[in-house]
1. Could you tell me whether the range 165-173 includes any residue that is assigned to a helix (DSSP H, G or I), in contact with a strand residue (DSSP E or B) (Cβ under 9 Å, 6 or more places away or on another chain) and on the phi < 0 side of the Ramachandran plot?
2. Could you grab the pairs with beta carbons closer than 8 Å, sequence gap of 6+ or different chains, first residue in the range 1-29 and acidic (Asp, Glu), second one crowded, with 16+ Cβ neighbours inside 10 Å and not in a helix (DSSP H, G or I)?
3. For the subset of the range 174-194 comprising residues that are assigned to a helix (DSSP H, G or I) and without any contact (Cβ under 8 Å) to a residue 12 or more places away in the chain, which member is surrounded by the most Cβ atoms within 10 Å (Cβ to Cβ)?
4. GLY166 fails exactly one of the following numbered conditions: (1) in contact with a Phe, Trp or Tyr (Cβ under 6 Å, 6 or more places away or on another chain); (2) more than 30 Å from LEU86 (Cα to Cα). What is the number of that condition?
5. Failed condition for SER204, given (1) within 30 Å of ILE130 (Cα to Cα); (2) surrounded by 15 or more Cβ atoms within 10 Å (Cβ to Cβ), with all others met?
6. Take GLU153 and tell me if it is farther than 16 Å from LEU86 by Cα and in contact with a Ser or Thr (Cβ under 6 Å, 6 or more places away or on another chain).
7. Kindly indicate which of ILE107, ILE130 is surrounded by 14 or more Cβ atoms within 10 Å (Cβ to Cβ), more than 24 Å from ALA12 (Cα to Cα) and modelled with pLDDT of 85 or more.
8. Quick check on ASP131: is it part of a helix (DSSP H, G or I) and without any contact (Cβ under 8 Å) to a residue 40 or more places away in the chain?
Amino acid sequence: MKEWTEEDPELARRANRILTKLKMLDEAAGSAIAQAHISSGKAESSAPPEARPDSPSNQPPPKDRSLADWYAFHFDRCTTVLRAQLLCCLAERDYYRYRGKDPRQKIAAKRQSVVPDVAQDEKETIKRIIDWYEGFSSLEVAVYEGCHQGFVEKARRLHRRSEVDGRPRRGWDGWDDKTRQAKVLNLAAQGMKKRAIAERLDVSDRTIGRYLKAA
């Protein structure tokens with residue numbers, strides 16, 4: 001029993017759940033993932049790595065043969081809660097990536113020499129970050145989407161979301177420029193001075209001065 005399973009029992013249960021799902025995914029329909037490679041002429045023995053002389057026990061089993069075996073190997077080597085959390089995120093991402101899809105389509109797509117539309121891919125990733133992951137940490141979202149943590153935080157900033165959990169910002173940070181200017185002018189019309197407006201809206205005098213000057 002690893003130390004992290006005792007430190008975080010709920011995380012241990014989460015890891016067991018996803019390993020069970022991956023095992024069922026491997027076994028479904030004669031293992032669609034394995035069948036994809038059999039059809040491509042790359043079939044190998046399904047025996048565990050320790051039973052095959054060409055697969056040293058200190059190396060992970062092939063991921064393209066069994067996701068369950070792949071992640072079980074890495075969970076067994078895991079020693080910290082943080083690493084276990086990341087492994088859970090990756091395992092869950094792979095599970096939902098393959099569930100209900102034919103892996104042969106992915107293999108065929110990789111063989112095609114098509115230049116991807118990077119800009120469109122980024123737009124779609126940003127949309128998922130904003131729409132799907134409210135309440136998730138930026139690190140966890142980065143693992144789910146296979147991108148850098150800084151990319152997640154930047155996407156959230158651009159959409160006026162909290163970098164930490166992706167929830168909509170409140171007050172000044174959550175307003176667009178038009179709303180900010182309207183708030184500033186409304187308070188100014190009530191006779192409030194620049195400093196008083198800045199204190200009310202919890203921003204700097206210089207920021208308020210910029211909006212007053214623009215008006």
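The values are calculated or read from the model by the stated rules, or taken from the named source; none is laboratory data. From a predicted model like this one, the values you see are computed outputs, not experimental measurements. Neighbour counts run over all protein chains shown; Cβ positions are idealised from the backbone, glycine included.
1. In the first step, residues of the range 165-173 are kept if they are assigned to a helix (DSSP H, G or I); the result is 171-173.
Restricting the remaining residues to those that are in contact with a strand residue (DSSP E or B) (Cβ under 9 Å, 6 or more places away or on another chain) gives none.
No: the range 165-173 contains no residue that is assigned to a helix (DSSP H, G or I), in contact with a strand residue (DSSP E or B) (Cβ under 9 Å, 6 or more places away or on another chain) and on the phi < 0 side of the Ramachandran plot.
2. Here the result reads ASP26/SER66, each pair linking the range 1-29 to a residue that is crowded, with 16+ Cβ neighbours inside 10 Å and not in a helix (DSSP H, G or I).
3. Only one residue tops the list, namely ALA182.
4. Going through (1) in contact with a Phe, Trp or Tyr (Cβ under 6 Å, 6 or more places away or on another chain); (2) more than 30 Å from LEU86 (Cα to Cα) one by one, GLY166 breaks only (2).
5. Here SER204 clears every test but (2).
6. Numbers: farther than 16 Å from LEU86 by Cα: yes; in contact with a Ser or Thr (Cβ under 6 Å, 6 or more places away or on another chain): yes.
Considered against the rule, which asks whether it is farther than 16 Å from LEU86 by Cα and in contact with a Ser or Thr (Cβ under 6 Å, 6 or more places away or on another chain), GLU153 comes out as yes.
7. Going through ILE107, ILE130 in turn, the sole match is ILE130.
8. Spelling it out, ASP131 is indeed part of a helix (DSSP H, G or I) and without any contact (Cβ under 8 Å) to a residue 40 or more places away in the chain.
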